[in-house]
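No lab work stands behind these numbers, since they all come straight from the coordinates. On a predicted model such as this, the values are computed, not experimentally measured, just so you know. Cβ sites come from the backbone with ideal geometry, for glycine too, and all protein chains shown count toward neighbours.
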Amino acid sequence: MTGAILVLNAGSSSLKFAVYPVADDKKPPLVRGKIAGIGSAPVFSAHDRTGQALRWDKGPPLCPDTDHDALIPPLLDWLKIQIGDLTIIAAGHRVVHGGRDFDGPARVNDALMAKLDRLVPLAPLHQPHNLAAIRCVSRAVPDLPQVACFDTSFHRTQSPLAQMFALPRELTDEGILRYGFHGLSYDYIARTLPSHLGDRANGRVIVAHLGNGASMCAMKGRRSVATSMGFTALDGLMMGQRCGALDPGVVLYLMQQKGMSAAEISQLLYERSGLLGVSGISNDMAALQSSAAPRAKEAIALFCYRAAGELAQLAASIDGLDAIVFTAGIGENSALVRARICDHLLWMGVRLDTAANVRNAPRINAVWSEIDVLVIPTDEEAVIAQATRMIKSGVSGRPSPG
Ligand code: ADP
C-alpha cells in the first residue's frame, strides 16, 4: 500500500494533525503540527520530519472566529502541498469515548457515528469535537476511509471489579462505570516497553501520563489492570485545571449550600481547579516551577503528593511494582516533579539517579533501586496512524502490543 495516513486529534480549542507515509509509519511523521487557540486567538505551528518549522502561508487567514469546520478543508489543502506526490488514503481520528462496545479502533460508517453520538453525554467536552472533525473530513473528501481510535479502548481489559463504582446495580448496568482515558498514550508506551525493559516489560508497571490532563495506568502483561481516571476525565490525579478525585459531598455542598448550578460546578471543576485553582497563578507546570510565589510551590507539592498516593493505590491492583514510566509534557520534562513524586515513594524502594533525572534520561533510577524508573516520550498519533493503516488494509482490532 502506498500513500499517506492523516491523523487528526480535535480538541475543544485545538486541532493537532500529523501525516505518516504508509510505507514507514513507524518513523516520525512527514508533517506534524497544531492549531491552538481556535475560537479565540488561533496559533498555527508545524514542522517537518527533520524538525524544520513549516508556515501556514498558503492557507486563509486564521481569524478569532474561525472554527474547526472552517479550518479542516484549508488544512487538507495545505497538507497536500506539504506531502508532494503522496495521496492521503485514509484518516485516523482520536475519539475520547468508545463506551463499552469498542476494545479497538473501528472503521467509520453511519452506524458507528450513531453509536458514538449516543456517547456524547459521557464526554460532553471532548466527544462532540472529535465527531465534528470526522464529519467535516467526510464532507471535504466523501470517499476517504476514516478510522476512530478510542481513548477508552485500552482499558477494556480491566476486570469488572476495577470498572465498578459502589453504586446501586442498576446504575452500573446503565453504564456508569470507570472507563479510563489516555488509552492511546498507554498503548504506545505498552508497545515500546520491551525495548526498555526486556522481559520485565510484562511485569507490574505503572505509567504516569502527566500532561495538562493527567492520569496513571497500572499494567500487567502490558495490559491495563486499573487506571486513575473514571467515568469522566475529571477523576484521579490533580491536573492543570481539573480537580481530580474529590469527595462527592463537596459537589452536594456547592449545589445545596452555595446554590451553584450544574454548569457553574462543571466550569469550576474542569477549568478553575487543579494547579490553576490552588496556585491562583497558572495551570502550566513550567510557569509554576519558575514562580517564587508560595502558592505556586504549594500547588506543585499537592500535585506530587496526590500523584504518589494514586500510584501507591494502583500498585495494590497489580500486587506490587517493578517499574514506573513517566510520560507526557510534565512527565517527560519536569525533573522536579519526578523527583518529588519519587521522594514520596522511597518506602517502596524507589531510588533515583539525580543526574540522569535532571537530563530527562530514558532511565532515571539509581542502580540499587528496587524499581525501574523510565522516561518515555509518548506518541498517540503514531498509534492512530498504525491502527488506521491496519483497518484500511482489512485487519480488525487493536495492533497487539509489541
Ligand atoms: P496536554 O494534556 O495538553 O497534551 P502536555 O502533555 O503538552 O499537555 O503537557 C503540558 C504540561 O507540560 C504543561 O503543564 C507544561 O508546563 C508542562 N511542561 C512542558 N515542558 C515542561 C518543563 N520543561 N518543565 C516543567 N513542565 C513542563
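A compact table of results
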read-out: Charge-dipole axis of the chain as Lys and Arg at +1 and Asp and Glu at -1 on Cβ define it, positive-most pick from ASN357, ILE134, VAL337; value: ASN357
read-out: Acute angle (nearest 10 degrees) that the helix 262-271 long axis makes with the longest principal axis of the chain, alpha-carbon atoms; value: 80
read-out: Rounded to 10°, Cα long-axis angle of helix 127-140 versus longest principal axis of the chain; value: 10
read-out: Centre separation in Å (Cα based) which lies between region 65-81 and region 268-337; value: 35
read-out: Peptides 102-111, 2-11, 189-198 ordered by average Cβ neighbours within 10 Å, highest first; value: 2-11, 189-198, 102-111
read-out: Mean Cβ neighbour count within 10 Å, used as a protection proxy, ranking 120-130, 369-379, 178-188 highest first; value: 178-188, 369-379, 120-130
read-out: Distance (nanometres) between label positions extended 7 Å along Cα→Cβ at LYS26 and ARG169; value: 4.8
read-out: Cα-based helix-to-principal-axis angle, 380-392 vs the chain, degrees rounded to 10; value: 50
read-out: Linear extension gain, MET113 paired with LEU254, 0.36 nm per residue minus alpha-carbon span; value: 47.2 nm
read-out: Gain upon complete extension [SER12, SER261; 0.36 nm per residue less C-alpha separation]; value: 87.4 nm
read-out: Reachable lysines, given that their alpha-carbon falls under 26 Å from the alpha-carbon of LYS258 and they are not under 8 places away in the same chain; value: none
read-out: Antiparallel DSSP beta bridges within the chain, percent to nearest 5; value: 65
